[in-house]
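Every read-out reported here was derived from the displayed coordinates using simple, explicitly stated rules and does not represent laboratory data. Remember, predicted model here, so these are calculated numbers, not experimental data. Note: ideal-geometry Cβ built from the backbone for every residue, glycine included; neighbour counts use all protein chains shown.
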Amino acid sequence: MDALIGAAKHIEEYYLTGALKGNTGLAGAINVQGEDVFRMDQIAQEITVHYLKTSGRVIHAISEESEEIVPMNAEGRYFVYFDPLDGSSNVPHGLPVGFMFGVARRNLEGAEDNHLRAGRDYLAAGMFVIPTGTFTLALKDAGTWRFHIDDTDEFVKPRRMILPEDPKGWELSFNSANRHTYAKGIQSWIEQNERKYSFRYIGALAADFHRTLANGGMFMYPAIVNHPDPKKNRPQGKLRLMYEASVVSFICQEAGGTAVDESGTPILDIQPKHHHQRTALYVGSKPLVESTTKALAVALA
Ligand code: FBP
């Protein structure tokens, strides 16, 4: 955990001085996801790999910014799945981005097991919202806790995070520009529900979910199945399962919430077939998430 915290602090330092040092631009490369890579993505990746390797505790890692699995320490005991800088579209503006991670233990007893773990097998998951100095950490069967950085650069004052049950303060978070490309069931769900809740969208999963966790409600990135240009459809979803969706779903579950994919399958039960596998995501307060699953099922019936 010290390595992850050290990496996050270092990334935040670079992010805070990004504009001054000219690091907010594109790096002129395309990543495995087919996206333009920002210089800050590369910096965050290099910093994280350095800290995890130096810890000596990690056997290998999976990162959004690395096509292949990143080998680390043969004697390592943990797998780490991370997105070193989530919400890249916010980088040029110095707006909130996230450093997200999930941790699973290597199987020391039995045969060498594969690293493709379902979120349910994670031991811990967390996210730093940069540059806000907040760290949210969930530990298996031990809840979700939010820490704040103090003036000695230490994360302190852990506060237990439980999703508020009172729907009065709940919020909805999704890219409204995509609404007409969603499945009919979700389009009608939005029409029936959007006036009941405030709408908030920062464009970075870590930052948007950070709010959802505090105020309740739901963040969703549904499958895109009705795009006027069929080539732009994304029936498998946009967000990545192992280092984005499973991370916020693990954190949400430990805070009393839930998360599902387009078919209503719990995100934490999805066994990854590939380390950059994508998924649709509905995460947040149980009543809202479950009502989207019903709406999707009704529309399909
Ligand atoms: P990366 O920036 O790490 O690729 O993450 C994907 C992401 O930026 C999420 O953080 C965010 O929720 C979503 O994509 C925003 O997508 P869009 O710009 O389509 O709303």
Cα pair distances of the chain binned at 20 Å [whole percent]: 35, 59, 6
Degrees between helix 205-215 axis and first principal axis of the chain (Cα, 0 to 90, nearest 10): 70
Normalised contact order of the stretch 167-300, rounded percent, pairs of Cα under 8 Å and 6 or more residues apart: 29
Net +/- balance of residues flanking Pro167 in space, Cβ distance below 12 Å, scoring K and R +1, D and E -1: 0
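Before rounding to the nearest 500, sum -39500 (n - 2.57) across all DSSP H runs of length at least 4 in the chain and divide by the residue total; then give [θ] at 222 nm in deg cm²/dmol. Don't skip to the answer; put the middle values down first.
Details: 6 runs with 77 residues, N = 301.
The helix-only estimate for the chain comes to -8000 deg cm²/dmol at 222 nm.
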Residue of Ala27, Ala207, Ala124 that the Gaussian network model of the chain assigns the largest fluctuation, springs spanning Cα pairs under 10 Å: Ala27
GNM result for the chain, Cα springs below 10 Å: residue of Gly256, Gly76, Gly28 fluctuating most strongly: Gly28
Residue-span extension gain [Asp153 to Gln271] - 0.36 nm each, minus C-alpha spacing: 38.7 nm
The chain - percent relative contact order, Cα under 8 Å, separation 6 or more: 15
Relative contact order computed over the stretch 2-160 (Cα-Cα under 8 Å; 6+ residues apart), in percent: 15
Environment charge of Thr279, counting only residues whose C-beta is closer than 11 Å and scoring Lys/Arg +1, Asp/Glu -1: +1
Radius 11 Å from Cβ of Tyr243, net charge of other residues (Lys, Arg +1; Asp, Glu -1): -4
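Applying 1/(1 + (r/R0)^6) with R0 = 30 Å to the Cβ-Cβ distance of Ile30 and Asn226, what FRET efficiency is obtained, to the nearest 0.05?
Taking R0 as 30 Å, the efficiency between Ile30 and Asn226 is 0.65.
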Angle between the chain longest axis and helix 184-193 axis [Cα atoms, degrees, rounded to 10]: 80
Coil-residue trypsin sites (Lys or Arg not before Pro) of the stretch 1-66, DSSP, other Cβ within 10 Å capped at 12: Lys21
10 Å Cβ shell holding at most 12 others, DSSP loop, GluC sites (Glu not before Pro): longest site-free stretch of the chain: 166-301
